[in-house]
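Input: a single structure, listed below in structure tokens.
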Amino acid sequence: MSQKKQRLLEIIEELDKIVPTKGAIVKLDQYGGGPDEGRIVANKSGYLRLGIEFLKAAFAAPIVLEDNKEEDIEDIEIKLNDLIAHNSDIHFDWFQRTENIQAQKYKPTFWSDRVVPFLLLTCLISIVIFSIIGFVSLVMIFW
């Protein structure tokens with residue numbers, strides 16, 4: 001084991017001993033209609049414990065499951081049951097660790113960041129102008 005890894009494990013173990021688990025609470029809420037509208041509400045100890053549990057997850061021993069067919073993905077155990085509030089809206093069934101994540105980052109495009117807002121603004125301005133023209137026409141007819 002390398003010195004850096006050993007030092008990290010020592011720091012994590014020290015943090016685990018220092019930060020109390022009693023009174024630490026984290027609530028995962030969904031405030032809107034979809035999974036993109038969520039928030040984490042926690043007390044100071046809760047945030048610290050959550051961070052420590054995720055640090056521990058980086059070095060957790062993999063769990064061997066029969067249905068895990070991908071070699072580069074490891075199922076791991078993170079002990080969050082006593083930390084996450086029972087009335088949280090969001091719950092996680094399992095955690096996996098891999099170095100081969102195929103996540104896509106948002107990349108702005110000309111269409112999504114320039115053309116669409118321009119078209120929407122143009123439509124809005126047109127609606128306002130045509131509404132004014134229609135109102136003035138009605139006033140002129142009935143005047």
Original post:
Nearest 0.05, what FRET efficiency do E99 and K22 give at R0 = 41 Å with Cβ-Cβ as r?
Top reply: 0.75
**OP:** Just grab the label-to-label distance for F54 and D75, each label 7 Å out from Cα along the Cβ direction, in nm (one decimal).
**Re:** 2.3
Subject >> Inter-site label distance for I133 and K107 at 7 Å from Cα along Cβ, in nm >> reply: 4.1
Subject >> Relative contact order (%) - criterion: Cα under 8 Å, at least six apart; region: segment 13-143 >> reply: 20
**OP:** If a/c stays under 1.5 just call it rounded; otherwise compare a/b with b/c (prolate if a/b is bigger, oblate if not). Do that for segment 3-97, with a ≥ b ≥ c from the square roots of the Cα gyration tensor eigenvalues.
**Re:** oblate
Subject >> Cβ-placed point charges (K, R +1; D, E -1), dipole of the chain about Cα centre in debye, nearest 20 >> reply: 780
**OP:** Rounded to the nearest 0.05, what FRET efficiency do L120 and D36 give with R0 = 25 Å and r taken as the Cβ-Cβ distance? Could you check?
**Re:** 0.75
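Where in segment 71-143 are there trypsin sites (Lys or Arg not before Pro) that are in a DSSP coil and have at most 13 other Cβ atoms within 10 angstrom of their Cβ?
Here the trypsin sites (Lys or Arg not before Pro) that fit, given the DSSP loop and packing criteria, are K79, K105.
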Subject >> Local net charge near I90, Cβ-Cβ under 13 Å (Lys/Arg +1, Asp/Glu -1) >> reply: -3
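Only helical DSSP H runs with n ≥ 4 go in: add -39500 (n - 2.57) per run for the chain, normalise by residue count and round the 222 nm mean residue ellipticity to 500 deg cm²/dmol.
Taken over the chain, the calculation gives -14000 deg cm²/dmol.
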**OP:** Let me know the charge dipole size of segment 12-63 about its Cα centre in debye, to the nearest 20, where only the beta-carbon of Lys, Arg (+1) and Asp, Glu (-1) is charged.
**Re:** 220
**OP:** Quick one: which residues, 5+ away or cross-chain, put their amide H under 5 Å from the amide H of G38? H built at 1.01 Å from N.
**Re:** Y31
Subject >> Sites N43 and Q3, calculated FRET efficiency, Cβ-Cβ separation with R0 25 Å, nearest 0.05 >> reply: 0.10
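Readers should treat all values here as calculations from the given coordinates under stated rules, not as data from a laboratory. This structure is a prediction, so every number in the text was calculated from the model and none was measured. Ideal geometry is used to build each Cβ from the backbone, glycine not excepted, and the neighbour counts take in all protein chains shown.
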